[in-house]
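Colleague: Structure provided below as structure tokens; questions to follow.
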Amino acid sequence: MTLPVMPYGPRKLVVATVSLAGCFGCHMSLLDIDERLFDLVDLIRFDRSPLTDIKQIGACDIGLIEGGLCNAENVTVLREFRAHCKTLVAVGACAINGGLPAQRNHLDLGVVLSEVYRSRSGLSSGSAIPNDPELPLPLNKVHPIHEVVHVDYFLPGCPPSAEAIWRFLTDLMAGRTPHLGHDLLHYD
């Protein structure tokens, strides 16, 4: 498949990805683009992504973020990522509406933590809720990312298919507003 000519000039676009609270399924769909990833690499440079193993967040033209916000670390990563992205895309149900992790929103977090770590059968006496400064503080509710930062585009699905991600990225790189037909949207 021939990719469109990009309106950004000869410089390669920089694309980065981040995963927050979710299952990593959206990243798996990105990898499912398969051999078309080679076509993308001709036009873009991947920064932080599962393809590069870059851990720090650098400046990027397009940021793809999957997952919702379950803890304070998710919020910090999201804000830092947004500050480095010209265009931010919420990818998948978890980023868009909290997805499956948000199913805990109807429960009292304190009660859940107590039941899991202190009163569940089979625990040793004196078991306690983890309280280590290395652990991120959980949020009382799971939030979609648009509640904390501005999101430029939403790519729905659970997860979006490789074809949906491909079409979305190629439209965006060509300067077109991405448009996905109903045939590309699904929730598995």
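FYI, it's all coordinate maths here, none of it is from the lab. Small disclaimer: the values here were computed from a predicted structure and weren't measured. Positions of Cβ are backbone-derived with ideal geometry, glycine not excepted, and every protein chain shown enters the neighbour counts.
Colleague: To the nearest 0.05, what FRET efficiency results for ARG45 and HIS186 with a Förster distance of 30 Å applied to their C-beta separation? Working shown, then result.
Modeller: Values: r = 30 Å, r/R0 = 0.99.
Calculated value: 0.50.
Colleague: Between ALA128 and ALA59, what is 0.36 nm times their sequence separation minus the Cα-Cα distance? Round to one decimal in nm. Provide the component values of the computation, followed by the final result.
Modeller: Working: separation 69, 0.36 × 69 = 24.84 nm, distance 4.11 nm.
So the chain would gain 20.7 nm between ALA128 and ALA59.
Colleague: Would you mind checking which residues have amide H under 5 Å from HIS186's amide H? H placed 1.01 Å from N; only 5 or more apart, or other chain.
Modeller: CYS158, SER161
Colleague: Determine ³J(HN,Hα), in whole Hz, for all residues of the range 157-170 in sequence, where each value follows from phi through the Karplus function 6.51 cos²θ - 1.76 cosθ + 1.60 and θ = phi - 60°; x replaces Gly and Pro.
Modeller: Values, residue by residue: x, 9, x, x, 6, 4, 5, 5, 5, 4, 5, 4, 5, 5 Hz.
Colleague: Something else about it: At 222 nm, what value in deg cm²/dmol follows for the chain if DSSP H runs of at least 4 each add -39500 (n - 2.57) and the sum is divided by all its residues, to the nearest 500? Present the calculation step by step, with values, prior to reporting the outcome.
Modeller: On the way: 6 runs with 52 residues, N = 188.
Per the formula, -7500 deg cm²/dmol.
Colleague: Suppose we keep just the DSSP beta bridges with both residues in the chain; what percent of those would be antiparallel, to 5?
Modeller: Values: 3 of 21 bridges.
Restricted to the chain, the bridges split so that about 15 percent are antiparallel.
Colleague: Still on this model: Would you indicate which of [x] 33, 17, 15; [y] 44, 24, 12; [z] 35, 17, 14 is the value of semi-axes √(5λ) of the Cα gyration tensor in Å derived from the coordinates of this structure?
Modeller: Recomputing semi-axes √(5λ) of the Cα gyration tensor in Å here gives the entry labelled [z].
Colleague: Taking only Cα atoms, what is the 0 to 90° angle, nearest 10, from helix 72-84's long axis to the longest principal axis of the chain?
Modeller: Approximately 20 degrees, to the nearest ten.
Colleague: Continuing with this model, one more query. Would you mind ranking ARG104, ARG118 by Cβ crowding within 10 Å, fewest neighbours first?
Modeller: Working: ARG104 16, ARG118 12.
So the residues, fewest neighbours to most, are ARG118, ARG104.
Colleague: Tell me which residues come under 5 Å, amide H to amide H, from VAL14 once H is placed; ignore anything under 5 positions away on its chain.
Modeller: Those qualifying (amide H under 5 Å, at least 5 residues apart or on another chain) are ARG45, ASP61, ILE62.
Colleague: Could you give me the ³J(HN,Hα) list for the range 38-49, computed from phi with Karplus coefficients 6.51, -1.76, 1.60 and θ = phi - 60°, whole Hz, x at Gly and Pro?
Modeller: Residue by residue, the range 38-49 yields 5, 5, 5, 4, 5, 10, 10, 10, 7, 9, 4, 5 Hz.
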